[in-house]
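Heads up: the structure comes next, in structure tokens.
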Amino acid sequence: MIKLLASYIQISLCTLACSFASAHSHHTATEVIADQSNHKQSIPLSKIARGHIIGDSVFVVNTPGPKELPPTALSALGPNWADDSADGFRLVAGGVDPETQGHSPWESDGSLQRGQQRFAGTGITTSWTFNSVDGHCHLPDGAVINAIYATWTTRGKSGAKYSYTEGSNSAWVEKVHETDPHSDLQVKWTDSKHIVRTANFEKVFKGPIVVEGRDGFTLKGEKILGKNTHQTDTILLDVSLGAHQSHKSGKKMRAKPVPSVATEVPVYPDDMEPLVSVTPKKK
């Protein structure tokens, strides 16, 4: 009788454990898939050959190559491209010059070395958006952008005006493309021939820039007035996602089960309310 009872209890516990594991593993798989999607445009810190990254994450949005963004292409194109590293890039206005300018300084590992596009037209012609809708990087409200870097190829009488608006903050800066970008940050990548290359990135903005609006972050680019083109290749963000985590602990949110799986890029419910400040109670 005792053995029969023990056997029954063991079977019951096993059934309960399997049911829990099945339900939990289904939830985890969803998170892992979402997490892998959001990792496509992140760079491991080991790829930084020189320079200082303040945050815990590095995100990039590349510029599509000539095959996807051919010479004489006209706006509006993007933000989805066969080259995942370029997802988030938009040709907003103007067009692409008939010829490329030098080799693209940075590409994702395994890519062919390719020509760099020249962008003409007046006003804002290009943009790079960092979010999980246009690109593959989850940039939640409260995350802090510590610095913004850009790389480009050189050409006489060329340069770009970069600008952004994030909440009530906005800024712009002009960078001539007649000289190489400063090596404020050097990033390694390995081409399709297994050659390790290094791209120089120049810091165009310094933070802190706090992400808000539930739409990630967008940097806009246009050629400087009086210049012929700009040849911007890749935009790179130095981001502190950990700042969002600590920031979140002092915020009110709608009650919602939180995934138990820890990931480098957090995945949050779509219906999460914007974060609002909590006023400390007086003692």
Could you check how many residues of the range 165-224 are more than 21 Å from the chain's Cα centre (by Cα), free of Cβ contacts under 8 Å to residues at least 60 places away in the same chain and buried (at least 17 other Cβ atoms within 10 Å of the Cβ)? 2
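Taking the range 96-114 as the search range and keeping residues that are of a type in the set (Gly, Ala, Ser) and crowded, with 17+ Cβ neighbours inside 10 Å, which one is nearest to Phe201 (Cα to Cα)?
Ser104
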Quick test of your reading of the structure: Ala160 fulfils all but one of (1) assigned to a loop (DSSP other than H, G, I, E, B); (2) in contact with a His (Cβ under 9 Å, 6 or more places away or on another chain); (3) surrounded by 24 or more Cβ atoms within 10 Å (Cβ to Cβ). Name the failing condition by number. (1)
Regarding the range 200-219, can at least one residue be identified that is more than 19 Å from Ala147 (Cα to Cα) and of a type in the set (Phe, Trp, Tyr)? no
Just checking, does the range 194-206 include any residue being at pLDDT 95 or above and part of a loop (DSSP other than H, G, I, E, B)? yes
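Starting from residues that are in contact with a Lys or Arg (Cβ under 6 Å, 6 or more places away or on another chain) and assigned to a loop (DSSP other than H, G, I, E, B), keep the ones in the range 85-140 and report whichever is nearest to Thr154 (Cα to Cα).
Gln101
The values are calculated or read from the model by the stated rules, or taken from the named source; none is laboratory data. From a predicted model like this one, the values you see are computed outputs, not experimental measurements. With ideal geometry, Cβ positions are generated from the backbone for all residues, glycine too; neighbour counts draw on all protein chains shown.
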